[in-house]
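Below is one structure, written out as structure tokens; comments come after it.
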Amino acid sequence: MTDTPDRGWFADLDPDAPDSAGDAIRDGSADEPADWPQLAVESGFADDEGDYYDRLREATTAATREAVREQAGAGDQQLIHAVRAVDDCERTANELAERVAEWAESLYDDAGAGVEYARQVAEREPEGPGEERLIALAERVADLADEAEALRERIERSAPEVAPNLSALAGPVLAARLISLAGGLESLAKKPSGTVQVLGAEEALFAHLRGNAPSPKHGIIFTHEAVRGTDPEHRGSAARALAGKLSIAARIDHYSGDLRPELQDDLAERIDRIQSRTGGDDA
């Protein structure tokens, strides 16, 4: 709505169409207040003041419902669902694979473990009801592992669209995990680099705050080659450098969205300098 002194948000709206009224509430604005209930009655939108407020409540509810729907369907929220689903599938597959291995050990001479062994069991021909259920369970393990891989491939394709700079620096999967840990791209963009550095290390951080452990140097960004591939003596520096660039990347992705290749060049130069050190302080 764009209100004028004599036309409210309800102008030209069907009183019995709260969804369109919701759109008017969401999209409009007014330069100054007015006697909207009276104007609504005079325009025929409402029977009386009470009826106006009933219709206003319906419209604002519709506007809120649509805003929530849009937020839930946003690209970063879809990434969060996908990366959490990957973790759920992998965790469940690994747990069930242990059960398959224990069960199979009681039936077969060959022993194995893990998802790959479950895949082998899934390919056997059952020779009795017990084996039939074991093999069916092994098939579920394989299906969950396959689903995790399919979800990961989806993340690889979609993360660069949602967060191009973050994905370029961290890789799509790590970018999605950072977004998930922060609760969304906007939330990640608002976090200082020091917080980004230790995302995923909350337990270690809380232990440090209680005085039971040293301060963690990194969280999930340890999986990045810039940190993992740096000598332990200098990993703190590498983690700070990476977190700083990731923070900048998240802000650009949220507020602008254009790809900045210079971020990758700057990070690579910084990490090269850190990894070339042969001694000295971890600064």
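Derivation of every value follows stated rules applied to the coordinates shown; laboratory data play no part. As the structure is a prediction and not an experimental result, all values here were calculated from the model. Ideal geometry is used to build each Cβ from the backbone, glycine not excepted, and the neighbour counts take in all protein chains shown.
Side notes on the structure shown:
- Cα gyration tensor shape for region 169-259, rounded if a/c is under 1.5, else prolate or oblate: oblate
- Rough spin-label spacing in nm, given labels placed 7 Å along Cα→Cβ, for Glu42 and Ser215: 6.4
- Pairwise FRET efficiency - Ala150 versus Glu95, Cβ, R0 = 25 Å, nearest 0.05: 0.80
- Here, P(r) means the percent of Cα pairs in each 10 Å bin from 0 to the largest distance; for region 75-159 it is 19, 43, 22, 13, 3.
- Per-residue ³J(HN,Hα) for region 114-128, Karplus 6.51 cos²θ - 1.76 cosθ + 1.60, θ = phi - 60°, Hz, x for Gly and Pro: x, 5, 5, 5, 4, 4, 5, 5, 4, 8, 6, 9, x, 10, x
- Normalised by the number of residues in region 82-195, the mean separation of alpha-carbon contacts (under 8 Å, six or more apart) gives a relative contact order of 28 percent.
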